[in-house]
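The values are calculated or read from the model by the stated rules, or taken from the named source; none is laboratory data. Just so it is clear, the structure is predicted and the values come from calculations on it, not from any experiment. These area figures cover heavy atoms from the full protein model, side chains too; ligands, DNA and RNA do not enter into them. Shrake-Rupley method; radii C 1.70, N 1.55, O 1.52, S 1.80 Å.
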Amino acid sequence: MTDSPPSPTAPIGSRNEVFTAYLDYYRATVITTVERMSETDQRRSRLASGWTPVELLKHLRFVELRWIVWGFEGRDVGYPWGDARDGRWHVDPSESLTELVAVLLAQGEHTREVVLAADLSAVGHPGERWEGAEPPTLERVLFHLLQEYARHAGHLDIVAELAAADGPA
């Protein structure tokens, strides 16, 4: 992982590769930030909304699953809202950080494969994901994913700063 997102002046082969480079960067940033926290802080909420860093990791995996696999590809994913229980994000105590990271990375690899193999103007498959609306193009889906990752990486930065200010848990 690098300390900064891909530079706008660095040569990258295609617009598809630009999207995957930024998604890879934000995914790695989120993972690294969570991994650097103590195990207690990984599973502890510091915000009024109540989410924990490991819940954020699981949420981002499901975000990619919902937008790329269920939405764009139109594939059945079983329960697409598996990151939530009782109206909020949820991680079972038996789910390890190692497992959550591995699943997020595998989902990211699938996203990368789909994006590099498709045209950005390709329209997603019609289905439940779009709640009756016309499916968007892959490019619109990727813009949404990027903003989701960037926003949540910023949230996580604040949580990590609060954890560091409190000292070791």
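With springs only between Cα atoms under 10 Å, which of Glu139, Glu39, Glu55 fluctuates most in a Gaussian network model of the chain?
Ranking Glu139, Glu39, Glu55 by mean-square fluctuation puts Glu39 first.
Compute the whole-percent fraction of alpha carbon pairs in the range 96-143 spaced more than 14 Å apart.
61 percent
Only helices at least 24 Å long along their axis, Cα-based, and averaging 0.5 or more on Kyte-Doolittle count here, so list those DSSP H runs from the chain. Please report the intermediate quantities before stating the final value.
Working: long enough: 15-35 (30 Å, -0.11); 97-117 (30 Å, 0.84); 138-166 (42 Å, 0.28).
Qualifying helices, which must be both long enough and hydrophobic enough, are 97-117.
Could you tell me how far the Cα centroid of the range 7-41 sits from the Cα centroid of the range 102-169, in Å?
11 Å
Along each of its three principal axes, how wide is the spread of alpha-carbon positions in the range 1-121, in whole angstrom units, largest first?
Computed over the Cα atoms, the extents are 41, 36, 25 Å.
Based solely on its DSSP helices, what 222 nm [θ] is calculated for the chain when runs of n ≥ 4 H residues each add -39,500 (n - 2.57) and the sum is averaged over all residues, nearest 500 deg cm²/dmol?
-17500 deg cm²/dmol
Keeping every protein chain present and rolling a 1.4 Å probe, give me the accessible area per residue for the chain in Å². Working shown, then result.
Working: 9010 Å² over 169 residues.
Per residue, the chain has 53 Å² of solvent-accessible surface.
If the elastic network links every pair of Cα atoms under 10 Å, which of Arg88, Arg75, Arg44 fluctuates the most in the Gaussian network model of the chain?
Greatest mean-square fluctuation among the candidates belongs to Arg88.
Taking the chain as a Gaussian network, Cα atoms linked when under 10 Å apart, which of Gly50, Gly71, Gly127 shows the biggest mean-square fluctuation?
Highest fluctuation of the listed residues: Gly50.
Name the residues whose placed amide hydrogens come within less than 5 Å of the amide hydrogen of Ala84, ignoring near sequence neighbours (fewer than 5 apart) on the same chain.
For Ala84, the qualifying residues are His90.
On average, how much area does the Cα convex hull of the range 50-105 cover when viewed from any direction, in nm²?
Details: hull surface 16.0 nm².
In nm², the orientation-averaged hull projection of the range 50-105 is 4.0.
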